Amino acid sequence: MAFAAFATTEAQPQTARRKSPIALFLLLPGILYLVLFFLTPLISLILTSLQAPSEFGDIGVYDYAFNWQNYVAVIESYWPHILRSFGYALLATVFALLFSYPIAYFIGVKARRRPLLQSLLLVLVIAPFFISFLLRTLAWKQILSDESLIITSLKALSLLAPDAYFAGTPFAVVFGLTYNFIPFMTLPLYTALERLDTRYLEAGSDLYANSFTVFRKVTIPLSMPGIVAGTLLTFIPAAGDYINASRDFLGGPDTQMMGNVIEANFLVLLNYPAAAALSIILMAAILVLVGVYVKRSGTEDLL
């Protein structure tokens with residue numbers, strides 16, 4: 001018996017050693033994918049951001065160098081767009097949270113005993129995904145235009161000044177960002193609230209806490225993982241968005257965000273180092289803000 005136990009104990013590490021090459025082999029496609037489609041473009045972007053104009057080249061021709069002054073130049077030139085991007089993204093995230101939390105709470109908690117209603121409401125939440133992002137934004141451009149039925153009716157009722165307009169304003173851009181990213185906020189909140197044990201809420205009421213106190217002390221802390229996940233899924237793409245703030249959609253000359261500046265430098269001005277430097281700054285700033293936010297919210301497990 002002792003010999004058999006010893007043999008079994010000796011065989012386990014050997015089995016583990018045999019399995020390790022198989023595990024590495026299974027991970028190899030994923031590693032190659034990340035290297036090819038993430039690490040390689042990131043390195044190329046960093047190298048591009050350090051390029052210098054070619055001495056004898058045409059417009060859009062650059063040589064590899066270590067011209068770190070590109071970062072200083074884009075910050076000096078585009079710091080209003082940087083602040084505007086994060087300001088719009090922050091406002092859209094806050095508004096999306098305010099709109100999405102009641103929706104997610106009703107679907108995940110109140111409609112829990114009615115599976116058919118719960119499923120129908122979830123379909124309505126994800127229904128905007130069935131339509132192109134561009135088409136949805138273009139539709140809101142038509143709705144908020146000066147000639148639309150809504151705007152002309154509000155002006156006819158004297159609820160808006162005759163010279164008032166919405167298209168091309170910061171309000172329209174933040175509204176578009178909020179609308180387009182509400183599903184990204186609602187679904188993580190629903191996931192967290194759907195698992196909420198309502199007995200905790202009943203226990204809070206039994207301890208003579210009012211509804212607001214129960215919500216503040218019980219519901220919000222238990223749904224914090226959903227709040228953090230939803231805000232990250234909303235803030236990150238909103239900060240880099242270039243569709244809503246574009247002049248062709250809801251934006252105007254004074255609402256341009258970093259995404260619009262990057263697009264213009266890449267495709268119009270052919271200033272590839274500036275566009276790449278702005279992209280690196282955007283990614284670095286988002287990483288820092290996300291890290292601080294997750295650290296302060298006490299949900300490091302999400303990273």
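Helix by helix through the chain, keep the DSSP H runs that span 18 Å or more along the axis on Cα and average at least 0.5 on Kyte-Doolittle, and give those back in order. Span-like helices in the chain: 2-34, 69-105, 170-194, 224-239, 272-297. Counted residue by residue at 0.36 nm each, then reduced by the alpha carbon distance between them, the extension gain from Leu134 to Phe215 reaches 25.4 nm. Cross-link reach is defined here as a Cα-Cα straight distance under 15 Å, omitting same-chain residues fewer than 8 places apart; for Lys295 none of the aspartates and glutamates meet it.
Here the chain yields Rg over Rh of 1.10, to two decimals, using C-alpha coordinates and the Kirkwood radius. The relative contact order of the chain comes to 24 percent, based on Cα pairs under 8 Å that sit 6 or more residues apart. Each label point was placed 7 Å from the Cα along the Cα-to-Cβ direction; for Leu287 and Leu222 their separation is 3.7 nm. Tell me, what is the FRET efficiency for Arg114 and Phe56 to the nearest 0.05, using R0 = 51 angstrom and their Cβ-Cβ distance as r? The value I calculate is 0.10.
With the crude spin-label approximation of a point 7 Å out along Cα→Cβ, what separation in nm comes out for Leu270 versus Lys295? The answer from the label model is 4.4 nm.
Stretching the chain fully between Asp146 and Ile126 yields a gain of 4.2 nm (0.36 nm per residue, less the alpha carbon separation). Build a GNM of the chain with springs between Cα atoms under 10 Å apart, and of Ala161, Ala192, Ala111 the one that fluctuates most is Ala161. Using only helices, what value at 222 nm comes out for the chain when you add -39,500 (n - 2.57) per DSSP H run of length 4 or more and divide by the total residues, to the nearest 500 deg cm²/dmol? It comes out at -22000 deg cm²/dmol, rounded to the nearest 500. Using 0.36 nm per residue and subtracting the Cα-Cα separation, the extra length available between Leu39 and Leu159 on full extension is 37.9 nm.
The simple spin-label model puts a point 7 Å past each Cα toward its Cβ; for Ser205 and Ile46 those points are separated by 5.6 nm.
Laboratory data are not the source of any read-out in this text; all were calculated from the coordinates shown. Just so you know, these numbers come straight off a predicted model, no measurement behind them. We place every Cβ from the backbone using ideal geometry, glycine too, and count neighbours over all the protein chains shown.
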